[in-house]
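These notes are about the structure you will find just below.
Readers should treat all values here as calculations from the given coordinates under stated rules, not as data from a laboratory. If you're wondering where the values come from, they're calculated on a predicted model, not measured in any experiment. In this analysis, Cβ positions are derived from the backbone assuming ideal geometry, glycine residues included, and neighbour counts consider all displayed protein chains.
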Amino acid sequence: MKFMKLGSKPDTFQADDKCIRYVASDLATDVTVTVGEVKFYLHKFPLLSKSRRLQELVLKAREECCGDINMVDFPGGPKAFEICVKFCYGMTVTLNAYNVVASRCAAEYLEMTEDVDRGNLIFKIEVFLNSSIFRSWKDSIIVLQTTKSVLPWSENLKIVGRCIDSIASKTSVDPANITWSYTYNRKLSVCDKMINDGMKCREKIVSVPNDWWVEDICELDIDLYKRVLTAVKSKGRMDAVAIAEALKTYAVRWLPDSTDALVSDVHSWRNKLLVETVVCLLPSDKGVGCSCSFLLKLLKVAILVGVDHSAKEDLLKRISLKLHEASVKDLLIPARPPQATSYDVEMVLSITNLYMMHIQDLYVAKNEARCTEFVLAHGSLLSVGKLIDEYLEEIASDPNLSLANFVELSRSIPEFARPVHDGLYKAIDMYLKEHPSLTKAERKDLCGLMDVKKLTLDASMHAAQNERLPLRVVVQVLFFEQMSQVKINKDESQKTSKLAKNNSKNSKSGVQLLPSRSRRIFDKLWGFGKGHIENGSSETSKSSQSPTSMIPGDTKSSGSSSRNRRHSIS
């Protein structure tokens with residue numbers, strides 16, 4: 001820390017108690033100055049030789065026949081006044097980053113200028129600020145913190161602005177030339193110690209990252225932090241990743257972990273202001289910088305503390321652009337009254353719809369210049385499709401989740417975003433399990449979301465024995481499973497004669513691959529029991545082209561008995 005010593009005489013200030021200060025001298029004091037709750041018993045001559053304000057106040061007191069001078073709103077209080085008085089007496093005083101701002105404001109109040117006395121206190125403090133304080137990274141931050149206690153004086157004297165500019169300028173310096181960050185220096189000292197202890201360090205000179213400064217400014221109050229980061233961004237030399245890291249570090253530093261602390265009456269206003277400020281400072285390029293996980297955590301806090309609508313909408317748009325990076329845990333946003341569900345499904349639906357609007361814009365604007373972006377968007381759609389299915393499976397067990405919300409969220413992504421329907425099947429199965437009171441029509445609508453042709457073998461085997469599924473769906477599963485097996489056998493039969501012989505054996509046993517209970521359902525509905533098609537039922541004959549077209553005719557005969565034999569392995 002930089003410091004500056006003024007004066008050479010010994011400090012002869014003494015105190016009777018907390019409220020009385022005086023100068024030990026053979027000469028009797030002839031003026032009393034009250035600053036706040038402290039009375040100073042002083043001598044006129046040294047004071048009047050340095051301060052125009054005291055000259056005027058002493059003259060006014062004499063005219064009013066009053067021996068006391070009262071300074072009610074003195075900047076910096078008794079401590080700053082005492083520094084100024086010691087300077088007037090020529091006593092030794094030490095200026096540093098913690099007291100220089102208050103001293104400068106006090107000197108301004110007392111009008112300790114050059115036209116009163118050459119080499120006066122204002123001049124000396126300005127020299128110290130410009131030659132030492134503003135050149136020091138650490139001292140600039142400390143000084144900026146102290147400016148709040150002497151507002152508006154520190155603002156009017158442009159000390160706040162000069163501190164901010166000093167800090168912002170230093171963040172833009174080439175990281176290779178950074179030597180003043182105390183966070184970074186601690187890392188270097190650890191490396192030095194390892195070398196001194198005989199241990200190897202990979203690199204003696206560790207490369208400094210662009211965001212080396214983010215932790216150092218975290219101690220600033222939110223209003224000063226906002227001004228510093230705004231200045232950093234205005235320089236135009238800091239990338240979005242570093243800005244995002246700074247905001248994340250600050251949010252983690254100041255936002256409490258517990259929900260109770262977030263919404264407490266004591267801190268709710270501060271937390272609301274902090275979140276709104278962080279959102280306001282997010283990089284302008286919405287697709288770069290902050291991770292989707294951080295943005296979603298910020299959204300959860302924003303909802304809890306009740307940020308304004310514009311800040312929340314901004315967050316939703318940013319999240320939608322990076323939705324493919326999210327995890328299911330990130331999307332579990334607690335619902336707020338009057339919502340009855342555990343998680344805010346409508347919020348996730350809003351994010352998904354915004355994401356799809358962005359994707360649609362890319363598809364409409366597809367051209368050679370945006371070919372790469374288009375390909376990346378197609379890949380992200382697959383990730384989002386998987387994410388939504390996993391989210392549906394997570395929330396399906398909520399008894400208060402409406403079928404309408406489940407269906408709407410499922411349909412919010414296009415078909416080609418789900419090349420495999422295993423995840424959707426698991427979600428549907430869970431919803432059926434937790435909502436047994438669904439009507440037949442509702443079960444049909446729910447299962448209609450799923451394409452059984454896109455189920456893997458394991459999922460098909462499970463679905464074929466799942467008693468929670470409507471019989472229509474089970475028949476579809478069995479039909480397409482059989483057709484797939486026939487297709488495989490046909491393809492293989494076109495190979496060598498040896499392979500054709502083996503495939504012939506497989507074709508005879510194709511039905512045997514199905515689970516026994518499911519096979520019995522399949523046999524009764526299609527008449528495949530002994531390897532030929534029976535023509536005893538007109539409905540069954542008609543259904544050979546489409547599994548869905550024959551279902552109405554199966555409910556009275558074999559459907560009910562088959563259902564009694566099915567069971568779930570989920």
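Any chance you could tell me what percent of the C-alpha pair distances in segment 270-309 go past 11 Å? Walk me through the numbers before you get to the answer.
Working: 493 of 780 pairs.
Considering segment 270-309, 63 percent of its Cα-Cα pairs are separated by more than 11 Å.
Name the residues whose placed amide hydrogens come within less than 5 Å of the amide hydrogen of residue 70, ignoring near sequence neighbours (fewer than 5 apart) on the same chain.
Counting only residues 5 or more places away or on other chains, the set is 34.
Just going by the charge dipole of segment 24-100, with Lys and Arg at +1 and Asp and Glu at -1 on Cβ, which of 58, 89, 29 is farthest out on the positive end?
Towards the positive end, the residue furthest out is 89.
Scattering from the C-alpha atoms of segment 28-118 alone, worked out with Debye: what is log10 I(q)/I(0) at q = 0.12, 0.21, 0.22, 0.25 1/Å?
-0.33, -1.07, -1.17, -1.50
Give me the dipole magnitude in Debye, nearest 20, for segment 9-124 about the Cα centre, with unit charges on the beta carbon: positive for Lys and Arg, negative for Asp and Glu.
Values: 15 positive and 17 negative charges, 64 e Å.
Using only the charged Cβ atoms, the result is roughly 300 debye.
Please report the spacing between the Cα centers of segment 103-125 and segment 13-56 in Å, no decimals.
18 Å
Over all pairs of distinct alpha carbons, what does the Kirkwood formula give as the hydrodynamic radius of segment 223-343, in Å? The partial results should precede the final answer.
Values: mean 1/r = 0.0668 Å⁻¹.
Answer for segment 223-343: a Kirkwood hydrodynamic radius of 15.0 Å.
With N set to the number of residues, divide the alpha-carbon radius of gyration of segment 210-282 by 2.2 N^0.38 Å and report two decimals. Please list the in-between numbers first.
Working: Rg = 12.6 Å, N = 73, 2.2 N^0.38 = 11.2 Å.
In units of the globular-protein estimate, segment 210-282 measures up at 1.12.
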